[in-house]
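Student: The structure under discussion is supplied below as structure tokens; questions concerning it will follow.
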Amino acid sequence: MLGFISLFQLVTLSLSVAASAPSGPWDAFNFAPTSRTVRPVHIREVQGAVKNADGLLSVSGQATLTTNESWVTVDFGKEVGGLISMDIHPVASSAGLAFSFTESPEFISPFTSDDSAMSALNMSYDGILHLPNPLPKGFWTQPSPTLRGGFRYLTIVSTSTGAVSISNITCAISFMPHVDNLRDYSGYFYSTDPEFHDKDFLTKIWYSGAYTVQTNTIPLHTGRQIPTVPSPGWFNNATVGVAGPIIVDGAKRDRAVWPGDMGVAVPTQFVSTNDLLPARNALATMFAAINPTTGELPMSGPPLSIQGSDTYHMWTLIGTHNYYLYSGDLDWLKDVWTNYTKAVGFVTEKVGASGLMNITEPEDWARLGGGGISAEGNALLYKVLTNSADLATAVKEPLLSSTWAKNATSLKSRFNEVFWSQDQGMYRDNDTTTLCPQDANSIAILYGLTTSAEQANSISEGLTKNWNSLGAIAPELPDTIAPFIGSLELQAHFESGNDARAMDLLHREWGYMLYTNLSVQSTLLEGYTANGSLGYRSYRGHNYDSAYTSHAHGWSTGPTSALTFYVLGLQVTSPQGRTWSLQPHTSGLSHAEGGFTTPLGWYGIRWQIDGNNTTFSINIRTPAGTTGTLALPTFKEVTIDGQRSRTGG
């Protein structure tokens with residue numbers, strides 16, 4: 001934030017209705033395709049006897065593969081997903097073809113795809129998709145069960161000595177099936193970054209996160225089949241919820257509802273497209289699977305339907321509040337309220353004589369430890385209680401609201417007594433260890449468990465001890481950079497007022513993900529190792545299969561909402577934004593603009609600092625009838641709508 005600005009100018013304008021976000025130079029950074037049918041834009045690689053491979057880049061051009069194991073890899077230029085179609089012109093009756101798919105160029109191969117059905121030590125579970133034998137002549141479309149949810153590169157390989165010609169290769173986009181124009185966003189962000197090698201990085205990463213979540217919004221019956229098909233092969237024809245479209249964890253895999261992931265992905269969805277129907281369907285899916293006796297919610301949606309996670313149980317409850325805050329959908333909240341209160345009871349009953357929750361169902365985001373009297377679990381419970389008090393007020397249950405609020409106050413006191421390590425200036429992982437985890441410390445700042453600005457600043461500084469040049473390594477999952485928790489840490493630095501630190505982490509972690517030649521350079525990685533390799537969770541459930549890592553994971557999209565909520569400074573503080581707050585974090589930038597849409601209309605911000613660093617100007621547009629509070633950089637004098645005014649500083 002600026003330390004001193006002598007003159008502040010504010011212009012406000014109320015709007016009653018807004019639909020699409022305004023157009024501008026930021027549109028050039030939108031990764032969403034202009035059509036639901038996309039074509040390859042480059043030839044990545046050619047091996048063997050392939051004639052006129054470049055013909056595949058035009059509508060009418062043909063390429064011919066004339067020998068066995070000749071192949072060509074086409075590049076769609078960004079992450080896509082759906083069904084491949086093309087025209088086949090067999091020259092020989094013995095001709096054969098197969099496809100392989102991959103997100104990363106590291107796994108381009110004529111013999112196998114990257115892995116999506118299951119991880120495997122040989123990194124070759126999925127194999128290739130053989131086309132029918134004999135080859136059909138004319139227009140052909142990939143069978144729908146073999147839909148590929150996420151890929152950038154398609155390899156077409158000849159599987160016989162017979163020559164075959166192909167043309168007119170397209171992919172019919174399957175994600176966001178309820179939207180015709182994928183580029184029609186209801187929000188935007190735009191700024192330039194003077195400290196990064198690409199001045200447009202911040203705008204690009206905002207749109208990368210938005211597009212990632214779009215690729216994670218899928219038709220109801222296109223989840224990964226469980227049990228998985230035998231190797232080689234994959235099927236994406238499972239039903240993943242009670243209604244669609246629905247938001248899942250990743251484009252390629254797992255293609256299932258994971259509530260923890262939604263804790264990052266849904267705020268991204270709100271500020272970019274405001275497409276909240278998929279989130280409602282995902283939450284409804286979790287509540288439909290509640291244990292009617294105990295009130296326990298599953299860790300994931302069908303067909304995985306994994307059980308045994310207190311933390312992901314609480315992420316569903318946190319997601320309920322997020323959905324209500326953004327949508328104002330009180331009728332839906334009332335519909336799920338009985339199950340919601342039962343689910344809150346499931347976790348509050350685990351609070352023992354210590355005044356803290358005992359995590360008895362320890363499955364989590366892949367971190368080690370986490371069971372027992374854990375800081376992460378109790379931090380999430382605090383957020384559940386404060387959220388629940390708010391929701392109880394909305395459904396007119398004041399006694400319940402008061403009880404949950406009092407319980408939250410008590411929990412916060414005990415949390416600081418038990419987990420705070422004065423020596424380390426951070427929270428420790430549980431009541432028996434000295435390890436200070438990334439997740440609990442980030443969540444504690446973000447969700448208001450710290451008791452002073454000094455304490456929050458100490459944690460923010462302490463978290464930097466886990467950084468290397470590529471991002472924040474999680475002590476609770478060694479050798480791992482986990483952008484899910486990194487997203488929470490990023491926002492925690494902003495929340496604690498450490499904007500330079502937040503920008504530094506943003507440059508390291510998301511700068512690596514967006515620009516490394518290992519990635520799809522359009523959507524965001526699930527995670528990676530401390531040295532930047534794709535072996536995320538290799539030793540923690542992924543069988544050392546780097547080809548299994550997802551390159552389009554919504555839980556990694558924290559910068560999209562962070563840039564809106566903190567750099568622009570605009571957040572809603574009551575359902576649909578009837579009230580809002582504005583506190584720009586200038587973060588070393590000279591200007592930023594953007595906004596979002598709710599059912600009430602358009603919320604838009606544009607601020608800039610003049611070249612002499614003496615005047616901060618801001619324009620605010622909000623829907624008629626809404627009210628907000630401003631917290632602004634330091635200034636002596638303020639002009640609002642042309643009228644000079646003094647403030648309290």
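The values are calculated or read from the model by the stated rules, or taken from the named source; none is laboratory data. Quantities reported herein were computed from a predicted structural model and do not represent experimental measurements. Cβ: placed from backbone, ideal geometry, glycine included. Neighbour counts: every protein chain shown. Note: accessible area is taken over every heavy atom of the protein model, side chains too, but ligands, DNA and RNA are not part of it. Shrake-Rupley method; radii C 1.70, N 1.55, O 1.52, S 1.80 Å.
Student: How high is the relative contact order of the chain? Use alpha-carbon pairs under 8 Å, at least six apart in sequence, and give a whole percent.
Tutor: 18
Student: If you don't mind, there's one more thing I want to ask. Taking θ = phi - 60°, what integer Hz values does the Karplus form 6.51 cos²θ - 1.76 cosθ + 1.60 yield along the range 343-353, in sequence order, with x for Gly and Pro?
Tutor: Once θ is set to phi - 60°, the couplings for the range 343-353 become 5, 5, x, 4, 8, 5, 5, 8, 7, x, 5 Hz.
Student: Right, next: How far apart, in nm, are two points set 7 Å out from the Cα along the Cα-to-Cβ line at Asp87 and at Leu277?
Tutor: 3.5
Student: Counting only DSSP beta bridges with both residues in the chain, what percent are antiparallel, rounded to the nearest 5?
Tutor: Rounded to the nearest five, the antiparallel share is 80 percent.
Student: May I pose another question? I need to check one value: relative contact order of the range 259-312, counting alpha carbon pairs closer than 8 Å and at least 6 residues apart, in percent.
Tutor: Relative contact order for the range 259-312 comes out at 26 percent.
Student: Regarding the range 564-649, what is the average projected area of its C-alpha convex hull, in nm²?
Tutor: That works out to 5.8 nm², a quarter of the Cα hull's surface.
Student: I'd like to compare 285-295, 598-608, 518-528: which one has the highest average count of other Cβ atoms within 10 Å, and what's the full order after that?
Tutor: Highest-to-lowest ranking by the protection proxy: 518-528, 598-608, 285-295.
Student: With every protein chain left in place, what is the accessible area per residue of the range 262-410 in square angstrom, probe 1.4 Å?
Tutor: Per-residue value: 32 Å².
Student: Can you tell me how the range 363-419 classifies by the Cα gyration tensor, rounded, prolate or oblate, using a/c under 1.5 as the rounded cut?
Tutor: Values: a/c = 4.14, a/b = 1.83, b/c = 2.26.
Oblate shape, in that a/c is at least 1.5 and b/c is the bigger or equal ratio.
Student: If you line up the long axis of helix 310-327 against the longest principal axis of the chain, both from Cα atoms, how many degrees apart are they, to the nearest 10?
Tutor: For 310-327 against the chain, the angle is about 80 degrees.
Student: Next question, about the same structure. Around Arg44, which amide H atoms from residues at least 5 apart in sequence, or from another chain, sit under 5 Å from its own amide H, with H modelled in the peptide plane?
Tutor: Thr73, Val74, Asp75
Student: When the Karplus curve 6.51 cos²θ - 1.76 cosθ + 1.60 is applied with θ = phi - 60°, which whole-Hz ³J(HN,Hα) does each residue of the range 63-71 get, with x for Gly and Pro?
Tutor: For the range 63-71, the Karplus curve yields 10, 10, 9, 10, 9, 4, 6, 6, 7 Hz.
Student: Enumerate the amide H contacts of Glu69 below 5 Å, restricted to partners 5 or more residues apart or on another chain; note that Pro and chain-start residues carry no placed amide H.
Tutor: Ser158, Thr159, Ser160
Student: With each label point set 7 Å from Cα along the Cα-Cβ vector, what nm distance links Asn122 and Ala631?
Tutor: Going by the 7 Å Cα→Cβ label model, 5.8 nm.
Student: Over the Cα atoms of the range 364-480, how large are the radius of gyration and the largest Cα-Cα distance (Dmax), in Å?
Tutor: My reading of the Cα-based Rg and Dmax gives 15.3, 50 Å.
Student: Rounded, prolate or oblate: which fits the range 272-325, taking a ≥ b ≥ c as square roots of the Cα gyration tensor eigenvalues, rounded meaning a/c under 1.5, else prolate when a/b beats b/c?
Tutor: Numbers: a/c = 2.12, a/b = 1.74, b/c = 1.21.
In terms of gyration-tensor shape, prolate.
Student: For the chain, place one equal point scatterer on every Cα, skip the solvent, and apply the Debye formula. What is log10 of I(q)/I(0) at q = 0.06 Å⁻¹?
Tutor: Calculated log10 I(q)/I(0) at the listed q: -0.33.
Student: Let's test the formula: R0 of 30 Å, r as the Cβ-Cβ distance of His221 and Asn168. What FRET efficiency results, to the nearest 0.05?
Tutor: So the FRET efficiency works out to roughly 0.65.
Student: Please report how far the C-alpha centroid of the range 333-355 lies from that of the range 178-205, rounded to the nearest whole angstrom.
Tutor: Cα centroid of the range 333-355 versus Cα centroid of the range 178-205: 39 Å apart.
Student: Calculate one ³J(HN,Hα) per residue across the range 25-31 by plugging θ = phi - 60° into the Karplus curve 6.51 cos²θ - 1.76 cosθ + 1.60, and present them in order as whole Hz with x for glycine and proline.
Tutor: x, 5, 4, 5, 9, 6, 7
Student: The range 88-214: D in µm²/s via Stokes-Einstein (Kirkwood Rh, Cα pairs, 20 °C, 1.002 mPa s)?
Tutor: 121
Student: For Trp580, what residues show an amide H to amide H distance below 5 Å, using hydrogens built from the backbone and excluding near sequence neighbours?
Tutor: Here Thr573, Thr627, Gly628, Thr629 satisfy the definition.
Student: Carbon and sulfur: what percent of the range 114-212's accessible surface (1.4 Å probe)?
Tutor: 54
Student: Which three extents, in whole angstrom, do the alpha-carbon atoms of the range 135-291 cover along their principal axes, largest first?
Tutor: 54, 51, 28
Student: Kindly rank 223-236, 107-120 from highest to lowest mean number of other beta carbons found within 10 Å of each residue.
Tutor: With the highest mean Cβ count within 10 Å placed first, the list reads 107-120, 223-236.
Student: Based on the Cβ-Cβ distance of Thr34 and Ser581, what FRET efficiency does E = 1/(1 + (r/R0)^6) give at R0 = 41 Å, to the nearest 0.05?
Tutor: For R0 = 41 Å, the calculated efficiency reads 0.70.
Student: Same structure, new question: Please report, for the Cα atoms of the range 289-374, the Rg to one decimal and the Dmax as a whole number; what are they, in angstrom?
Tutor: That works out to 13.6, 39 Å for Rg and Dmax.
Student: Enumerate the lysines that Lys406 could reach by cross-link, defined here as Cα to Cα under 20 Å, with residues fewer than 8 away along the same chain left out.
Tutor: The reachable lysines, counting only those whose Cα sits under 20 Å from Lys406, are Lys342, Lys350, Lys383, Lys396.
Student: For the range 238-354, which whole-number percentage of the solvent-accessible area (1.4 Å probe, protein heavy atoms only) is attributable to carbon and sulfur atoms?
Tutor: C and S fraction of accessible area: 51 percent.
Student: In nanometres, what is the gap between the two model label sites at Thr639 and Thr294, each 7 Å from Cα along Cα-to-Cβ?
Tutor: Reported label-point gap for Thr639 and Thr294 is 6.5 nm.
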